[in-house]
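All remarks here apply to the structure that follows.
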Amino acid sequence: MTNNLFVYNTLTRKKERFEPINPPFVGLYACGPTVYGDAHLGHARQAITFDVLYRYLQHLDYRVRYVRNITDVGHLEDDSDDGEDKILKKARLESLEPMEVVQHYMNRYHQNMESLNVLPPSIEPRASGHIIEQQELIMKIMKAGYAYEVNGSVYFDVIAYNNNHPYGQLSGRKIEDLLSNTRTLDGQSEKKNGLDFALWKKAGPSHIMRWPSKWSDGYPGWHLECSAMSTKYLGMQFDIHGGGMDLLFPHHECEIAQNVAGYGQPSVRYWIHNNMITINGQKMGRSLGNFITLDQLFEGNHKILERAYGPMVIRFFILQAHYRSTLDFSNEAMQASEKGLMRLMNSIAKLKSIQPSNSSSIDVDALAKRCQKAMEDDMNTAKLLGHLLSGITQINNLAEGRETISEEGLEKLITLYHSWVFDVLGLELPSASGKANEITGKLIEIILQLRSDAKSSRNFETADRIRNELTNLGITVKDRKDGADWEIN
Ligand code: ZN
């Protein structure tokens, strides 16, 4: 099988020709979500980046096994050694079983992904279902001399590892710099060195998510699950491992160290990382108040949002940037994306009305070549969309009889738009839901204004009736001094 696809490999820092280990099969692994909170724009960008890669490889006739994990064993805040398990915290706050929290957010994640037209992966393994595999890998790493046990916990020995294998290659970090930037251990720590990371943690008395092991009742370290599950399903050597740039260090760096230490080889041929999303130029963070979940975007329910944006507008917005560029969210950018998406979809609809003639005045092959080249150059969806949008002028001219196209040419043009737009980029005709949500919000505002008018004219009976009817619909109204807030339950 031949292709001209070049991908940027984070490990070598250059674009390399994509050559699968065992064509026509391709193994693709992307780190999946942690399931203790709602998915946000960052999740969408990562999922859509690897969804397009998955679709594109299939478009090139590869047989792709796409594995995307679910992190559901309840790790600590920021992968630290102390603190509370994030799933447990949520479970306590909401009086749920930890696995109910996991299921709840996993279901919501799947709903969000379906809305964004992200295809389900071939295998979606859960960390909690692979404890034995993770324990086996720990034993291999210990046997090789790169891990040690302290009080029932097991840590990876980064210094011992680095003596034989360079640590920090993926992220381009030097061990000396890492060491000087690491907090000196305060004597309380069980670790030999601040860079060491947990492979197994002994569970504290209040820790609910725990499994038995030869070291202690405890739970695996975060980095371990991806090493164990990727190789289990894709083999000791596989083609592509991906994730967001925020996972590059320490998560993926530690994965490489674990694989080399335990299996004697780095397992991944191409490391691919997508860049982050900023909000109005700022990093996204809960503390900054600019943390927008996908549901909030779909409903227009966040103070930053001027209105709701449908899932396809979000998908288009993400695709009109190259995955390695930063991408800044703003209402203006979303509205521009909405216009671009509508133009594209309208012209695809127009293709049906074009009548073929005996001759062609337009060159479909040239457009096809430009589109293909854009994707072969490290999946440049931004350029691809640019070419597809530039073809709209020709489609308009054809529809209005200013240019001509042969029957064969027209067929090619239709296939070109359908295969790139629907099959590879995964765009769909936008559903009415984004618009419907926006209209619902405006209708509620109008109704509340009528209620407020009724109150002003001392018509309390009508005001109460409106409030009760809204409550029956699951809309909570909270009165303020200067109006009312509302919320859909
Ligand atoms: Zn991972």
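Values in this text are rule-based calculations from the coordinates and carry no lab data. Given the structure is predicted, the values throughout are model-derived calculations rather than measurements. Cβ: placed from backbone, ideal geometry, glycine included. Neighbour counts: every protein chain shown.
Worth pointing out:
- The fewest-to-most ranking of 72, 295, 157, 482 by surrounding Cβ atoms within 10 Å reads 482, 295, 157, 72.
- For the pair residue 397 and residue 237, the difference between a 0.36 nm per residue extended length and the Cα-Cα distance amounts to 52.5 nm.
- One decimal place: the segment residue 446-residue 181 gains 89.7 nm when fully extended, by the rule 0.36 nm per residue minus the C-alpha distance.
- Cα-projected label distance for residue 307 with residue 286, points at 7 Å along beta-carbon direction, nm: 3.2 nm
- Inter-site label distance for residue 325 and residue 163 at 7 Å from Cα along Cβ, in nm: 4.8 nm
- Using a simple spin-label model with pseudo-atoms 7 Å out from Cα toward Cβ, residue 336 and residue 25 lie 4.5 nm apart.
- Fewest-first ranking of 241, 251, using other Cβ atoms within 10 Å as the exposure measure: 251, 241
- Computed from the C-beta positions of residue 278 and residue 459 and an R0 of 56 Å, the FRET efficiency is 0.70 to the nearest 0.05.
- Using Cβ point charges alone (K and R +1, D and E -1), the dipole size of the chain about the Cα centre works out to roughly 400 debye.
- Size of charge dipole - the stretch 279-424 - debye, nearest 20, with Cβ of Lys, Arg +1 and Asp, Glu -1, no other charges: 420 debye
- Remark on the stretch 434-488: hydrodynamic radius 11.5 angstrom, per the Kirkwood mean of 1/r across alpha carbon pairs.
- The residue list 24, 342, 389 was ranked by how far each Cα lies along the charge dipole of the chain toward its positive end, using unit charges on Cβ atoms, and 389 comes out on top.
- As a rough footprinting exposure proxy, the listed residues 180, 128, 452 were ranked by other beta carbons within 10 Å of their own, and the order from fewest upward is 180, 452, 128.
- Rounded to 0.05, the FRET efficiency of the residue 473 and residue 373 pair, given R0 = 51 Å and the Cβ-Cβ distance, is 0.45.
- Computed over neighbours whose Cβ is under 14 Å from that of residue 166, the net charge equals -1, Lys and Arg +1, Asp and Glu -1.
- Full-stretch length increase - residue 353, residue 486 - with 0.36 nm per residue and alpha-carbon distance subtracted: 43.3 nm
- Long pairs among 14/373; 15/373; 89/192, criterion Cα-Cα beyond 21 Å: 89/192
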